[in-house]
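Inspection log for the structure reproduced underneath, given as structure tokens.
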Amino acid sequence: QVELVESGGGLVQPGGSLRLSCAASGTIFAIYDMGWFRQAPGKQRELVAKITPGGSTNYADSVKGRFTISRDNAKNTVSLQMNTLKPEDTAVYYCNYNVWTTPLSSRMDYWGKGTLVTVSS
């Protein structure tokens, strides 16, 4: 079993910055993609950013140029630096890992429980 724990959420004013981090524990053989998703009240969960093991990234159009995803493969962590935050960035942010738990297992998706980011003056 793999457990993911997010940290770094909170209340920030428009134009401010926050850095989210996600750490993993449990049985991990290897991690494929790592990503951040978010879910605003009344809306579906959406992809914010993803990063491959080699460092290739993919961002939602709404956050391009403002958010940066990074990963530390040695520590199995992923971070999301969020700059120039807007009220519409308010949501619960979830980290997601696509994981092999053993060399012979299939890849499975694991999710954190989420961290709330509120952008408001």
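What are the residues in the range 95-118 that are out of contact with any Ser or Thr (no Cβ under 7 Å at 6 or more places or on another chain) and closer than 12 Å to residue 20 by Cβ, if any? 95, 112, 114, 116, listed by residue number. Taking the criterion of being within 13 Å of the chain's Cα centre (by Cα) and surrounded by fewer than 16 Cβ atoms within 10 Å (Cβ to Cβ), the residues of the range 58-69 that qualify are 58, 60.
Taken over the range 28-38, the criterion of being in a strand (DSSP E or B) and hydrophobic (A, V, I, L, M, F, W, C) is satisfied by 30, 31, 34, 36, 37.
A quick yes/no check of all residues on (1) open to solvent by 70 Å² or more (accessible area, probe 1.4 Å); (2) of a type in the set (Lys, Arg); (3) at pLDDT 95 or above:
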residue: 50; (1), (2), (3): no, yes, yes
residue: 89; (1), (2), (3): no, no, yes
residue: 93; (1), (2), (3): no, no, yes
residue: 105; (1), (2), (3): no, no, no
residue: 119; (1), (2), (3): no, no, yes
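Among residues of the range 18-57 being more than 11 Å from the chain's Cα centre (by Cα) and of a type in the set (Lys, Arg), the one that is nearest to residue 79 (Cα to Cα) is 45.
The values are calculated or read from the model by the stated rules, or taken from the named source; none is laboratory data. Quick caveat, the model's predicted, so the values are computed rather than measured. Cβ atoms come from the backbone with ideal geometry, glycine included; neighbour counts cover every protein chain shown. What goes into the accessible areas is simple: the full protein's heavy atoms, side chains included, and nothing from ligands, DNA or RNA. Shrake-Rupley method; radii C 1.70, N 1.55, O 1.52, S 1.80 Å.
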